[in-house]
Ligand SMILES: [Mg+2]
């Protein structure tokens, strides 16, 4: 039996209640609580040396590798052709994907930025199109669907605005079930899971410190994602990237319980708990009752390094597929690729059409069988 910090929302009153509970037996309880990352003395010393130029360069190199404008591979280079063969388009492989899912419940996991919406200079204006919203709404009619984002959950909800979805914000550290209208919602109470809630005051403090220290770098934008902080490099002159990374490092020095990860033109600071998008995927599968099922088929679509944790979980479980959104070759644990959000929308639409057709076929067959049964004399 383990002790969990959870917030239970009453769907009728709309009130959230924070509770610490001992849980066992249920699908939610079966999930191990997040463990803290143990930092060895050697690692601690490395962390203290956080501002060394080697370390800053590693952060920047890693961030550049995730940022499309810095990809140097020309279209259809040997690398590209070989990558396309190893990670073929999910659109080209659509029949194989749907055929592998036969008899299984597809569960959809979608990253937001760069997957459902284009990457734009101002992260506050990363809106999804009406057509994409309509497609995701249709998708959720046929499959349990979750949005898994590095953004604060409220922010990503304000972009998507579909109450029937699951949302996992702050890289899965803030999970909430559908507030209405989902046939996959379990019971009348929505569970909200926040494994890093004790870090909230620290994250707030770091957000304020980073906002202050980065003021001198034109274009730098610090975003408070509730359980993590993002420092956006999108509008910063590349000559100033090193200076900005040093500023981030200078703040992080005072917080050994926080760690730094790199994404597309962004450095992110989050708690050192073993919780990521992969853990969020596992938690959501458990919440939906599919923890030990062989008849579940999760599909995770994402474009960023942080999505690799989820792709890896799918490979390890040998269930479903990861689909990486990228125009250029990248090291990935995903099985397939899509080039950009417009291709994601096409893929999701095909999935909806395929499911609708399959259901129609099934209903026609059932009607025909009933007619045959009725026609046979007793
Ligand atoms: Mg993304």
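Every number here is computed from the coordinates shown, using simple stated rules; none is lab data. Just so we're clear, the structure is a prediction, and the values are computed from it rather than from any experiment. So basically every Cβ, Gly included, is an ideal-geometry build from the backbone, and we count neighbours across all protein chains shown.
Couple of notes before you dig in:
- Exposure proxy for 94, 283: other Cβ atoms within 10 Å of each Cβ, ordered fewest to most, give 94, 283.
- At full extension, residue 158 and residue 89 could sit 21.8 nm farther apart than now, given 0.36 nm per residue minus the alpha carbon distance.
- On full extension, the segment bounded by residue 318 and residue 131 gains 64.1 nm, given 0.36 nm per residue less the C-alpha separation.
- Peptides 136-143, 315-322, ordered by how many other C-beta atoms sit within 10 Å of their residues on average, highest first, read 136-143, 315-322.
- The range 72-170: C-alpha gyration tensor shape, a/c 1.5 cut-off, then a/b vs b/c: oblate
- 164, 282 arranged by Cβ crowding within 10 Å, fewest neighbours leading: 164, 282
- Three-way shape call for the range 228-334 based on the alpha-carbon gyration tensor, with the a/c threshold at 1.5: oblate
- Nearest-0.05 FRET efficiency for residue 212 and residue 79, computed from C-beta distance (R0 35 Å): 0.25
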